[in-house]
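Report on one structure; see the data block that follows.
The values are calculated or read from the model by the stated rules, or taken from the named source; none is laboratory data. Predicted model only: the values in this text are computed from it and were never measured. All Cβ positions, glycine included, derive from the backbone under ideal geometry; neighbour counts span all protein chains shown. With ligands, DNA and RNA removed, areas are computed over all heavy atoms of the protein, side chains included. Shrake-Rupley method; radii C 1.70, N 1.55, O 1.52, S 1.80 Å.
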Amino acid sequence: MTEQPPISVGIVGATGYAGQELVRLLARHPRTALRAVTASGDTAGPRRLPALARIWDSEVTPYSSTSFDGIDTVFLSVPEALAAALALEHLTAGRRVFDLSGAYRLRDASLRGRFYPNTPDPLPDHTLYALPELARSELPDARLVSCPGCYPAATLLGIGPLAVAGLLEGDVIVDAKSGVSGAGKAPSERTHFSENHGSVAAYGLFAHRHTPEMEQALGLPVTFVPHLVPLDRGLLATIYARVAPGVEAADLTVCYEAAYRHAAFVRLTGDQRLPEIKHVAHTNFCDIGWRLDRTTRRLIVVACIDNLLKGAAGQAVQNFNLAYGFSECDGLL
């Protein structure tokens with residue numbers, strides 16, 4: 001049998017945190033040929049990425065001066081308005097697109113217009129919002145893959161199987177903490193070392209754009225409170241819910257084990273050990289643990305990921321693997 005030739009790929013937005021992780025993963029991926037690595041803007045000339053020396057030694061070029069001829073697949077790690085335009089450009093050229101922005105995550109046009117202006121309506125054909133573990137069977141037919149945000153990724157992996165199985169009752173509360181890299185590379189007062197060091201701050205109450213993304217996937221009302229913590233990377237989501245009458249701890253275990261039996265990057269700690277950020281940092285794993293108070297039916301789930309990998313670049317590469325029929329671990333383990 002003739003081995004399939006490598007997929008020719010390009011990255012737009014390679015100088016950002018998630019973009020550099022994409023370069024790191026795709027340059028060493030056994031099934032890809034990395035042909036184009038560009039910045040999201042055109043103000044700077046060609047430059048190199050010192051942190052990726054000997055992994056990717058070619059230049060990062062301005063987007064407008066880079067040819068994508070012969071490239072099969074493009075990864076977009078750029079702001080939403082630019083991603084919305086570039087996705088259409090590459091889809092029209094016949095390329096498959098994996099978008100790490102929020103431009104195409106919401107199906108409801110009114111919500112999309114509120115949280116992500118300048119996104120086309122209707123969504124392009126064969127657009128798929130895809131968390132790999134929950135959409136693996138649909139990925140081969142998708143042409144535009146919209147990758148979930150980091151907070152929704154942890155939340156949906158943590159509580160999603162229980163919601164789908166009908167084991168929950170009422171609202172879901174998500175209390176989540178993320179490192180400063182989740183805010184992107186552009187400097188701000190919030191991410192300044194002197195402002196962030198030694199502090200924990202809540203933000204985006206009742207207005208965060210990841211809330212409708214979670215509600216869309218869970219089919220339940222969600223109260224979401226994100227917090228910025230003084231870490232470079234990593235995300236911990238503590239999720240509060242109430243189980244339906246008659247649901248026992250054993251039912252939760254059965255549900256999780258069935259949902260993630262074939263999930264290479266989900267590690268269930270159950271009620272034996274609660275996950276910690278340090279155990280998932282710099283990996284594509286999501287660790288999930290939980291506790292159930294049988295008397296009150298209160299459930300607490302803790303899910304941890306690396307926000308730049310399982311919450312962004314690693315998740316996108318995992319989606320890529322499943323879309324092309326490769327092992328989902330290629331380039332990631």
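Brief remarks on what is shown
Rundown of residues vs (1) out of contact with any helix residue (DSSP H, G or I) (no Cβ under 8 Å at 6 or more places or on another chain); (2) more than 20 Å from residue 209 (Cβ to Cβ); (3) in a strand (DSSP E or B); (4) open to solvent by 20 Å² or more (accessible area, probe 1.4 Å), yes/no style:
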residue	(1), (2), (3), (4)
98	no, no, yes, no
104	no, no, no, no
120	no, no, no, yes
123	yes, no, no, yes
133	no, yes, no, no
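- Residue check, residue 210 open to solvent by 50 Å² or more (accessible area, probe 1.4 Å) and closer than 30 Å to residue 331 by Cα: no
- When residues of region 78-95 are limited to those that are open to solvent by 30 Å² or more (accessible area, probe 1.4 Å) and within 19 Å of the chain's Cα centre (by Cα), the one nearest to residue 118 (Cα to Cα): 81
- Residues that are among the hydrophobic types (A, V, I, L, M, F, W, C), over 15 Å from residue 216 (Cα atoms) and surrounded by fewer than 24 Cβ atoms within 10 Å (Cβ to Cβ) within region 145-172 comprise 165, 167, 168, listed in sequence order.
- In this structure, residue 41 does not satisfy being crowded, with 20+ Cβ neighbours inside 10 Å and either assigned to a loop (DSSP other than H, G, I, E, B) or modelled with pLDDT of 95 or more (or both).
Per-residue answers, yes or no, for (1) open to solvent by 50 Å² or more (accessible area, probe 1.4 Å); (2) touching a Lys or Arg at 6+ places or on another chain (Cβ under 6 Å); (3) within 13 Å of residue 162 (Cβ to Cβ); (4) not polar (S, T, N, Q):
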{"residue": "237", "(1), (2), (3), (4)": "no, no, no, yes"}
{"residue": "257", "(1), (2), (3), (4)": "yes, no, yes, yes"}
{"residue": "276", "(1), (2), (3), (4)": "yes, no, no, yes"}
{"residue": "288", "(1), (2), (3), (4)": "no, no, yes, yes"}
{"residue": "301", "(1), (2), (3), (4)": "no, no, yes, yes"}
{"residue": "320", "(1), (2), (3), (4)": "no, no, no, yes"}
{"residue": "330", "(1), (2), (3), (4)": "no, yes, no, yes"}
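- Tally of residues being in a loop (DSSP other than H, G, I, E, B), farther than 13 Å from residue 330 by Cα and either open to solvent by less than 10 Å² (accessible area, probe 1.4 Å) or of a type in the set (Lys, Arg) (or both) across region 7-37: 2
- Residues in region 276-333 that are in contact (Cβ under 8 Å) with a residue 40 or more places away in the chain and in a helix (DSSP H, G or I): 13 in all.
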